[in-house]
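**Student:** First the structure, then my questions, so here it is.
What follows draws every value from the coordinates through simple rules; no lab data is involved. Note that this is a predicted model, so its numbers are computed, not measured. Using ideal geometry, Cβ is built from the backbone for each residue, glycine included, and neighbour counts are taken over all protein chains shown.
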Amino acid sequence: MKTPVSDRLSPRALGLAAALVALAFDQAHKFWMLHIFNVADRPPMSLAPFLDIVLSWNYGVSYSLFPAHETAARLALLAAQGAIVAGLAIWMVRTQSRATAVALGLIIGGALGNAADRIARGAVADFFYLHTSLPVGPLANYVFNLADVFITAGVALLVFEGFFLPQERRVET
């Protein structure tokens, strides 16, 4: 019986693959939404009672914190983001855990996708508007993109691994 490709790849290779896939999907989706679907020319579209398709430009980080409209502020955000990505990449290269490497790859790919927006467009394009009329916390009104989904999935995988995978299973060669 053949061994699955994921079992033959090193954690580093899996993490790099996850980062490249996340970055490619994010950038392809943003290109499609902005240049083919032309979301800017359309009114908000409801996908569900709690989810709409919109175009929102985020000049800051999550929830538009630390908005950076000027070049110097945008460069500062990019520098901070670059330092974080570098730290995550070092962690990814050093880990022996496939789950950790994939999780970090997803986070890195998502972060690079948003950084690419900030470089090319001056702001991050967000498309999915999650909302509710109930005061249920920070996700009551949240606009995000696929890069944010990949980042969240990576963080969730790290948390899952930390809580539910025994230490012996996390260290794989």
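**Student:** Could you give the length gained on full extension between Ser10 and Val155, defined as 0.36 nm per residue of separation minus the Cα-Cα distance, in nm?
**Tutor:** Contour length minus the Cα-Cα distance gives 50.2 nm.
**Student:** Follow-up. For a quick check: with amide H placed at 1.01 Å from N, whose amide H comes under 5 Å from Ser97's, ignoring anything fewer than 5 positions away on the same chain?
**Tutor:** Amide H neighbours of Ser97, under 5 Å, 5+ apart: Glu172.
**Student:** Between Thr132 and Arg94, what is the FRET efficiency for a Förster distance of 45 Å, r being their Cβ-Cβ separation, to the nearest 0.05?
**Tutor:** Here the calculated transfer efficiency is 0.65.
**Student:** Output ³J(HN,Hα) for region 16-26: one whole-Hz value per residue in order, computed from phi by the Karplus curve 6.51 cos²θ - 1.76 cosθ + 1.60 with θ = phi - 60°, and x for Gly and Pro.
**Tutor:** Those phi angles translate into 5, 4, 4, 5, 5, 5, 4, 4, 5, 5, 4 Hz.
**Student:** A follow-up question, please. Sorted by packing (mean other beta-carbon atoms within 10 Å per residue), highest first, where do 142-154, 112-124 land? The partial results should precede the final answer.
**Tutor:** Details: 142-154: 21.2, 112-124: 18.5.
In descending order of packing, they fall as 142-154, 112-124.
**Student:** If you don't mind, another one. If you average the sequence gap of Cα pairs under 8 Å that are 6 or more apart and divide by the length of region 10-162, what percent do you get for the contact order?
**Tutor:** 34 percent
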